Amino acid sequence: MSDSGGLPANIILVRGLPASGKSTLARAVAAANHLPILDRDVLKASAAQGYLDDVEAGELSYVQLLLLAEQQLALRLGVVVDGRFTKDDLS
């Protein structure tokens, strides 16, 4: 168990199709376990605001998501990762 009494320092990956309830589930899991959420949609939206086109922003958001999750684990901290993670997203 982690010091917070929740789950051990792991990545909890919440994935699925758009509008399938990923974000709702991710928020509930994060709240119940006192973990931060890394939300791919937030990262993509910030990259797309005048900086990159939709495809580039999407690609960058996955790179950022995985790097931030890796950083959490290196610190022995858990994290909830919210993203589609479909085959098309990762190719």
Residue set ALA57, ALA47; condition in contact with a Phe, Trp or Tyr (Cβ under 8 Å, 6 or more places away or on another chain), over 13 Å from ASN10 (Cβ atoms) and modelled with pLDDT under 90; output residue ALA57
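Against the definition (hydrophobic (A, V, I, L, M, F, W, C) and within 10 Å of VAL81 (Cα to Cα)), how does ALA30 come out, yes or no?
Criteria met by ALA30.
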Scanning the range 34-47 residue by residue, those of a type outside the set (Val, Ile, Thr) and surrounded by fewer than 17 Cβ atoms within 10 Å (Cβ to Cβ) turn out to be HIS34, PRO36, ASP41, ALA45, SER46
Expected single match for outside any strand (DSSP E or B), of a type in the set (A, V, I, L, M, F, W, C) and touching a residue at least 12 places away in the same chain (Cβ under 8 Å) among LEU25, LEU66, LEU52, LEU35 is LEU35
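Being touching a helix residue (DSSP H, G or I) at 6+ places or on another chain (Cβ under 6 Å), surrounded by 11 or more Cβ atoms within 10 Å (Cβ to Cβ) and under 27 Å from ALA9 (Cα atoms) narrows it down to one residue among LEU77, LEU65; which is it?
Testing whether each residue is touching a helix residue (DSSP H, G or I) at 6+ places or on another chain (Cβ under 6 Å), surrounded by 11 or more Cβ atoms within 10 Å (Cβ to Cβ) and under 27 Å from ALA9 (Cα atoms) leaves just LEU65.
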Filter the range 1-22 for residues that are modelled with pLDDT of 85 or more and aliphatic (A, V, I, L, M); the one that is surrounded by the most Cβ atoms within 10 Å (Cβ to Cβ) is VAL14
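So, in the range 38-49, how many residues would count as being assigned to a loop (DSSP other than H, G, I, E, B) and either touching a Pro at 6+ places or on another chain (Cβ under 6 Å) or touching a residue at least 12 places away in the same chain (Cβ under 8 Å) (or both)?
Of the residues in the range 38-49, 0 are assigned to a loop (DSSP other than H, G, I, E, B) and either touching a Pro at 6+ places or on another chain (Cβ under 6 Å) or touching a residue at least 12 places away in the same chain (Cβ under 8 Å) (or both).
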Here the residues within the range 50-62 that are among the aliphatic types (A, V, I, L, M) and either touching a Ser or Thr at 6+ places or on another chain (Cβ under 7 Å) or surrounded by 10 or more Cβ atoms within 10 Å (Cβ to Cβ) (or both) are LEU52, ALA57, LEU60
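Quick check on my filter: what residues within the range 52-87 are touching a strand residue (DSSP E or B) at 6+ places or on another chain (Cβ under 8 Å) and not small (Gly, Ala, Ser)?
LEU65, LEU68, GLN72, LEU73, VAL79, VAL80, VAL81, ASP82, PHE85
The values are calculated or read from the model by the stated rules, or taken from the named source; none is laboratory data. Bear in mind that the values here come from a model prediction, so they are computed numbers and not experimental data. With ideal geometry, Cβ positions are generated from the backbone for all residues, glycine too; neighbour counts draw on all protein chains shown.
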